[in-house]
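First comes the structure, then the notes that go with it.
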Amino acid sequence: INRHYNGTLRIVLGKGLSYFLVYVLVSFYVLHIVPRLFSLNQIGQPGSLVLFVAPYLAACIFFAMTTSIAIRNRETCMLIFVFTSVPLLFISGISWPGATIPAFWKYISWLFPSTFGMNGYVRLTGMGASLGDIAFEYKGLWIQAIVYFLIACLFYHRQIKSLLINRCKE
C-alpha cells in the first residue's frame, strides 16, 4: 500500500516472479526427476518442454492471483481444488475423448490453464510433438498469461485503492 512500491504493476510482477521461481524448481522435480526415478518414457525434446512450461507457469500463477481476490479463507482454496479438479480433468479432453465433449464445455475449459497444459504436455512427452505441433496450446497459454496478468493488475489496483480509501477514512 505504501508509495515506495510504485504501483500495482510492481506488486503483481514481484509476487508473480517469486511464485515463478518456486514453481520452476517444483516443475523441474516433477517433469525431470520423477520420470527418471520411475523410468517413464519421455520422447519429447527437453528444450521444447522448458519453453512450454514457462507460459504454463505464468498462466497458472496469474490465474491463481486473479481468483485469489474472491477467496477470503485459506480453507476455501482446498474446497475449490477438490470440487473442480475432476470436472476440469474430464473437460480437458485427457481422460475423456475430446470429440465427445460439447462445444460449450470445450470453450469453458479454455478458461483454465490446465486444459492447454495437460494437452500440450501429453503431446510433447508422450507423442514426441515439437513446439510447432502444439502451437495452439502454446499460444493459448501465452494469451491466458497475458489476460490473467492484466485482470490481476486490475483487481489488485482496485483492492489497493479501496484499502487506501478505508485508511483515509480512519
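Quick rundown of the values:
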| item | result |
| --- | --- |
| Residues (of a type in the set (Ser, Thr, Tyr) and more than 24 Å from residue 51 (Cβ to Cβ)) located in the stretch 139-157 | 156 |
| Selection within the stretch 34-50 - open to solvent by less than 60 Å² (accessible area, probe 1.4 Å) and closer than 22 Å to residue 132 by Cα | 44, 47, 48, 49 |
| Identity of the residue in the stretch 51-76, more than 15 Å from the chain's Cα centre (by Cα) and without any contact (Cβ under 8 Å) to a residue 60 or more places away in the chain, that ends up most open to solvent (accessible area, probe 1.4 Å) | 74 |
| Breaking point among (1) farther than 24 Å from residue 32 by Cβ; (2) in contact with a Ser or Thr (Cβ under 9 Å, 6 or more places away or on another chain); (3) in a loop (DSSP other than H, G, I, E, B), for residue 96 | (2) |
| Test result for residue 101, buried (at least 16 other Cβ atoms within 10 Å of the Cβ), modelled with pLDDT of 85 or more and either touching a Lys or Arg at 6+ places or on another chain (Cβ under 6 Å) or of a type in the set (Val, Ile, Thr) (or both) | yes |
| Where residue 152 falls short, out of the listed (1) under 22 Å from residue 61 (Cβ atoms); (2) open to solvent by 60 Å² or more (accessible area, probe 1.4 Å) | (2) |
| Residue list for the stretch 5-14, filter: among the small types (Gly, Ala, Ser) and either assigned to a loop (DSSP other than H, G, I, E, B) or open to solvent by 80 Å² or more (accessible area, probe 1.4 Å) (or both) | 7 |
| Pairs where the first residue, in the stretch 4-29, is farther than 24 Å from residue 159 by Cβ and the second is open to solvent by less than 60 Å² (accessible area, probe 1.4 Å), C-beta under 6 Å, 6+ apart | 27/53 |
| Residue in the stretch 15-33 that is out of contact with any Gly (no Cβ under 8 Å at 6 or more places or on another chain), loosely packed, with under 13 Cβ neighbours inside 10 Å, at pLDDT below 90 and part of a helix (DSSP H, G or I) present | no |
| Condition broken by residue 117, with the remaining ones in (1) touching a residue at least 24 places away in the same chain (Cβ under 8 Å); (2) of a type outside the set (Ser, Thr, Tyr); (3) farther than 18 Å from residue 60 by Cα satisfied | (3) |
| Subset of the stretch 124-139 [without any contact (Cβ under 8 Å) to a residue 60 or more places away in the chain and either assigned to a loop (DSSP other than H, G, I, E, B) or touching a strand residue (DSSP E or B) at 6+ places or on another chain (Cβ under 8 Å) (or both)] | 132, 133 |
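The values are calculated or read from the model by the stated rules, or taken from the named source; none is laboratory data. Because the structure is a prediction, the values reported are computed rather than measured. Backbone-built Cβ (ideal geometry, glycine too); neighbour counts: all protein chains shown. Surface areas here come from the heavy atoms of the whole protein model, side chains and all, with no ligands, DNA or RNA. Shrake-Rupley method; radii C 1.70, N 1.55, O 1.52, S 1.80 Å.
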